[in-house]
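Undergrad: Pasting in a structure now, in structure tokens, and then I'll have a few things to ask.
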Amino acid sequence: MLYIIATPIGNLGDISIRAKEVLEKVDYLLCEDTRNTGQFLKLLNLSNSPKLISFYDEVEEQKIPEVIKLLESGVEVGLVSDAGTPIISDPGFKLVRKCRQLGYLMTSIPGPSALIDALVLSGLPSGRFSYLGFLPKRDGERKKILEQYKQIDGAKIVYESPFRINKLVEEIAKVYGETTNIAICRELTKKFEEVITGTAVEVSQEINKRTIKGEIVVVFC
Ligand code: SAM
């Protein structure tokens with residue numbers, strides 16, 4: 001059986017009881033970075049630790065046959081990412097697709113994901129929303145995606161690096177208008193968690209006054 005296991009996005013206390021139980025019982029654990037996951041498992045003080053298998057974007061496809069062999073042999077396999085819910089802007093989709101095609105048993109241990117945490121904290125309407133993931137780096141491609149989603153109702157959620165956050169707010173103002181409501185949600189669940197809200201113009205003025213650091217999710221509507 002394959003277990004897709006969500007892990008905390010910055011606060012160890014957010015690990016679920018079920019996630020811990022499953023991490024203790026799986027024989028193998030697919031993870032993006034074996035060192036990160038190794039340290040994380042140590043912090044959890046588990047009675048039993050799974051064997052770690054490196055499983056990051058670039059090797060996902062080539063590792064699938066190996067994982068399928070393990071599943072065929074009847075062992076329990078888990079999948080985690082460095083943080084949050086696997087597959088959400090993280091590896092795993094191709095493996096799950098393959099397991100669906102082959103009819104293997106799978107379940108997901110739900111838990112933290114930065115996009116949901118940001119949406120909940122944003123104060124923006126949440127009935128309908130679109131998740132855009134990370135935008136491409138090239139200006140033209142970014143603009144094109146922002147324009148495409150303008151046709152769709154509801155909040156938009158983007159993962160962004162602190163180095164491009166000022167640029168993204170300017171782009172949103174240009175494509176969606178200066179009065180678009182924005183929430184910059186950074187360092188969620190961590191010590192320096194902060195949510196900066198206002199119109200595109202207000203948020204732009206605020207973030208231009210200082211350096212915005214850490215992990216960021218932008219919600220706008
Ligand atoms: N799978 C993860 C999830 O479920 O949210 C996302 C992985 S993606 C590679 C990493 C990005 O998620 C970061 O660059 C940032 O945009 C966002 N992120 C992750 N943790 C965060 C946090 N604690 N606060 C704000 N954003 C976070």
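Undergrad: Hey, can you tell me all the residues within region 10-52 that are among the hydrophobic types (A, V, I, L, M, F, W, C) and open to solvent by less than 20 Å² (accessible area, probe 1.4 Å)?
TA: We begin by selecting, within region 10-52, every residue among the hydrophobic types (A, V, I, L, M, F, W, C); these are 12, 15, 17, 19, 22-23, 26, 29-31, 40-41, 43-44, 46, 52.
Scanning region 10-52 gives Ala19, Val22, Leu23, Val26, Leu29, Leu30, Cys31, Leu41, Leu44.
Undergrad: Sort out which residues of region 199-209 are open to solvent by 90 Å² or more (accessible area, probe 1.4 Å) and either free of Cβ contacts under 8 Å to residues at least 12 places away in the same chain or closer than 9 Å to Ile184 by Cα (or both), and write them in order of number. Quick ask: steps written out before the conclusion?
TA: Residues of region 199-209 that are open to solvent by 90 Å² or more (accessible area, probe 1.4 Å), as a first pass: 202, 205, 208-209.
Glu202, Gln205, Lys209, listed by residue number.
One line per residue, one yes/no per condition, for (1) at pLDDT 95 or above; (2) open to solvent by 20 Å² or more (accessible area, probe 1.4 Å); (3) within 9 Å of the ligand (Cβ to nearest atom); (4) of a type in the set (A, V, I, L, M, F, W, C):
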{"site": "Val77", "(1), (2), (3), (4)": "yes, no, no, yes"}
{"site": "Asp90", "(1), (2), (3), (4)": "yes, yes, yes, no"}
{"site": "Cys99", "(1), (2), (3), (4)": "yes, no, no, yes"}
{"site": "Leu102", "(1), (2), (3), (4)": "yes, yes, no, yes"}
{"site": "Ile109", "(1), (2), (3), (4)": "yes, no, no, yes"}
{"site": "Asp117", "(1), (2), (3), (4)": "yes, yes, yes, no"}
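Undergrad: One residue is enough: does region 170-184 have a residue meeting the conditions under 19 Å from Arg128 (Cβ atoms) and under 20 Å from the mean Cα position of the chain (by Cα)?
TA: So far as region 170-184 goes, yes, one or more of its residues are under 19 Å from Arg128 (Cβ atoms) and under 20 Å from the mean Cα position of the chain (by Cα).
Undergrad: To continue, here is another question. Spot the failing condition for Lys190; the list is (1) within 11 Å of the ligand (Cβ to nearest atom); (2) exposed (fewer than 12 other Cβ atoms within 10 Å of the Cβ); (3) basic (Lys, Arg), and only one is missed.
TA: (2)
Undergrad: Can you tell me how many residues in region 132-165 are under 15 Å from the mean Cα position of the chain (by Cα) and in a loop (DSSP other than H, G, I, E, B)?
TA: 2
Undergrad: I'm trying to understand the selection: among the residues of region 146-172, which are open to solvent by 40 Å² or more (accessible area, probe 1.4 Å) and either of a type in the set (Asp, Glu) or within 16 Å of the ligand (Cβ to nearest atom) (or both)? I'd like the intermediate steps shown before the answer.
TA: Taking region 146-172 as the starting set, the residues that turn out to be open to solvent by 40 Å² or more (accessible area, probe 1.4 Å) are 147-153, 163-164, 166-167, 170.
Listed by number, the residues that qualify are Glu147, Asp153, Phe163, Arg164, Asn166, Lys167, Glu170.
Undergrad: Okay, moving on. Residue under question is Phe129, and the condition is that it be over 22 Å from Gly214 (Cβ atoms), within 15 Å of the ligand (Cβ to nearest atom) and under 19 Å from the mean Cα position of the chain (by Cα); does it hold? It would help to see each step written out before you state the result.
TA: Details: over 22 Å from Gly214 (Cβ atoms): yes; within 15 Å of the ligand (Cβ to nearest atom): yes; under 19 Å from the mean Cα position of the chain (by Cα): yes.
Considered against the rule, which asks whether it is over 22 Å from Gly214 (Cβ atoms), within 15 Å of the ligand (Cβ to nearest atom) and under 19 Å from the mean Cα position of the chain (by Cα), Phe129 comes out as yes.
Undergrad: Being closer than 29 Å to Val158 by Cβ, of a type in the set (A, V, I, L, M) and in a helix (DSSP H, G or I), is that true of even one residue in region 39-57?
TA: Looking through region 39-57, none of the residues is closer than 29 Å to Val158 by Cβ, of a type in the set (A, V, I, L, M) and in a helix (DSSP H, G or I).
Undergrad: Same structure again: What number of residues in region 173-187 are more than 15 Å from the ligand (Cβ to nearest atom) and assigned to a loop (DSSP other than H, G, I, E, B)?
TA: Initially, region 173-187 is screened for residues more than 15 Å from the ligand (Cβ to nearest atom), giving 173-181.
Keeping just the survivors that are assigned to a loop (DSSP other than H, G, I, E, B) gives 177-180.
Count: 4.
Undergrad: Restricting attention to region 1-56, and to residues there that are basic (Lys, Arg) and without any contact (Cβ under 8 Å) to a residue 60 or more places away in the chain, which single residue is nearest to the ligand (Cβ to nearest atom)? Outline the logic, then answer.
TA: Our first condition is that a residue be basic (Lys, Arg); within region 1-56, this holds for 18, 20, 25, 35, 42, 51.
Subsequent filtering for residues that are without any contact (Cβ under 8 Å) to a residue 60 or more places away in the chain retains 20, 25, 35, 42, 51.
Values: Lys20: 18, Lys25: 23, Arg35: 16, Lys42: 20, Lys51: 23 Å.
Step by step, filter region 1-56, then rank; the result is Arg35.
Undergrad: Still on this model: Would you check if Val120 is under 24 Å from Thr179 (Cβ atoms) and free of Cβ contacts under 8 Å to residues at least 12 places away in the same chain? Full working, then the answer.
TA: Details: under 24 Å from Thr179 (Cβ atoms): yes; free of Cβ contacts under 8 Å to residues at least 12 places away in the same chain: yes.
Yes: the conditions hold for Val120.
Undergrad: Sticking with this one: Checking the conditions here, which among Lys63, Lys20, Lys25, Lys42 is basic (Lys, Arg), outside the structural domain of Lys191 (by TED's automatic domain parsing) and more than 23 Å from the chain's Cα centre (by Cα)?
TA: Numbers: Lys63 fails: more than 23 Å from the chain's Cα centre (by Cα); Lys20 fails: more than 23 Å from the chain's Cα centre (by Cα); Lys42 fails: more than 23 Å from the chain's Cα centre (by Cα).
Only one candidate passes the filter, namely Lys25.
The values are calculated or read from the model by the stated rules, or taken from the named source; none is laboratory data. Predicted model, so just to flag it, every value in this text is computed and none were measured. Quick reminder, even Gly has a Cβ in these numbers, built from the backbone with ideal geometry, and neighbours come from all protein chains shown. Quick note on the areas: whole protein, heavy atoms, side chains included, nothing else; ligands and nucleic acids left out. Shrake-Rupley method; radii C 1.70, N 1.55, O 1.52, S 1.80 Å.
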